[in-house]
1. Conditions first: (1) aliphatic (A, V, I, L, M); (2) modelled with pLDDT of 90 or more; (3) in contact with a Phe, Trp or Tyr (Cβ under 7 Å, 6 or more places away or on another chain); (4) farther than 20 Å from V18 by Cβ. I168 passes all but one, so which condition is the exception?
2. Please state which one of A46, A9 is part of a helix (DSSP H, G or I), of a type outside the set (V, I, T), on the phi < 0 side of the Ramachandran plot and surrounded by fewer than 23 Cβ atoms within 10 Å (Cβ to Cβ).
3. Quick test of your reading of the structure: G20 fulfils all but one of (1) touching a Phe, Trp or Tyr at 6+ places or on another chain (Cβ under 7 Å); (2) farther than 25 Å from V85 by Cα; (3) crowded, with 24+ Cβ neighbours inside 10 Å. Name the failing condition by number.
4. Evaluate segment 262-285: report whether one residue or more is under 19 Å from the mean Cα position of the chain (by Cα), modelled with pLDDT under 75 and not in a loop (DSSP other than H, G, I, E, B).
5. Do we find that A237 is touching a helix residue (DSSP H, G or I) at 6+ places or on another chain (Cβ under 6 Å), over 26 Å from L80 (Cβ atoms), modelled with pLDDT of 90 or more and not basic (K, R) in this structure?
6. May I ask you to say which residue of L97, L53 is surrounded by 24 or more Cβ atoms within 10 Å (Cβ to Cβ), among the hydrophobic types (A, V, I, L, M, F, W, C), touching a helix residue (DSSP H, G or I) at 6+ places or on another chain (Cβ under 7 Å) and assigned to a helix (DSSP H, G or I)?
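The values are calculated or read from the model by the stated rules, or taken from the named source; none is laboratory data. This structure is a prediction, so every number in the text was calculated from the model and none was measured. Glycine gets a Cβ as well: all are built from the backbone with ideal geometry, and neighbour counts include every protein chain shown.
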Amino acid sequence: MQLWELVSAGVFLAVALVSGNNLSACVGTAIGSGVVSRRFGTALGAAGYVTGLLVQGPNMAFAAHTLLPNQSDFAASAALFVTVVVFVFGMAARVPLSLTMSLVGTLAGVSVAEHLPINHTFVLTVVATWFLAPVVSIAATFFLLRSLNAFEPKDIWLTVRAYKALLIGLSFFTAYTLGANTLGLVVAIGAFSPVNVALAVSAAVIGPVYFSRAQLTRIGRDFFSLRYSNALVTLLASTVLVELATLFAIPLSNTQTLSAGVFGAGVSYRRKYISARSFLVVVVGWVVAPLLGFAIGLIL
């Protein structure tokens, strides 16, 4: 097998895994609140992935070339397969590891090992964004829900229908931002060639069908039962943050912003039960993923 074929295989595997595992971050709130069925949510997420990848995915080429300058087919394939291994290890160990964060860590590790020039300003910007985004997501969700719940709707059924329509739209747009940001970065590592794009599109459809069942309702089940307002606000905060990051070509995990948003929604209700342990496990994954990716990339 030639090196370019290994790169394409790595693109397909990475896209399939992340699209399946992260479907819960896109449509899990809508499914958990009973707005859409699992089948409809899966189709909605896949459509969002593909649209985001094709429309804004090429924007992430800047991040890929900055984190791995002068990339060769060998370096690209190594980075992709190391990321896949780290991601699969996290799934097997039941530790939620972000593919976006592990991929960035792997790229940095490979760059250091290959003595490639590193844009420290960009790397620091990415890391700062990873720290800032969850804080903003928690705060925004907390205050938005407090404000939203202070108003009494005149027509409850009209309000419910509006929530449902907005949740469906935001679920699609959340998947869109993941396709543009995370999947765009994966394809950019291997280059936006017709072959890689075609493989990524097919993987973005296959992944949600075969790799999403165990994770799809994790957020709603592990944290608390989502109401329409909770689901709407958490999706809104997460989607806006990831879209802003995409506009600046900064890799940012949807699961990171959404998990933080769900936690913020939970603490906005004083008597609402929140599984702090589940949230802390997710936070540990945010730290472990880039460090583990960097270590393996550096060694290889």
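1. Condition (3) is where I168 drops out.
2. The match here is A9.
3. (2)
4. So far as segment 262-285 goes, yes, one or more of its residues are under 19 Å from the mean Cα position of the chain (by Cα), modelled with pLDDT under 75 and not in a loop (DSSP other than H, G, I, E, B).
5. Yes; evaluated as a whole, the condition is true for this residue.
6. Of the residues listed, the single one that is surrounded by 24 or more Cβ atoms within 10 Å (Cβ to Cβ), among the hydrophobic types (A, V, I, L, M, F, W, C), touching a helix residue (DSSP H, G or I) at 6+ places or on another chain (Cβ under 7 Å) and assigned to a helix (DSSP H, G or I) is L53.
This table checks each residue for (1) in a helix (DSSP H, G or I); (2) at pLDDT 90 or above; (3) closer than 24 Å to G105 by Cα.
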site: V186; (1), (2), (3): yes, yes, yes
site: F192; (1), (2), (3): no, yes, yes
site: L216; (1), (2), (3): no, no, no
site: I219; (1), (2), (3): yes, no, no
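Results for (1) surrounded by 23 or more Cβ atoms within 10 Å (Cβ to Cβ); (2) under 17 Å from A188 (Cβ atoms), shown as yes or no for each residue.
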| position | (1), (2) |
| --- | --- |
| F40 | no, no |
| P58 | no, yes |
| A63 | yes, yes |
| D73 | no, yes |
| L103 | yes, yes |
| L107 | yes, yes |
| V110 | yes, yes |
| H115 | no, no |
| H120 | no, no |
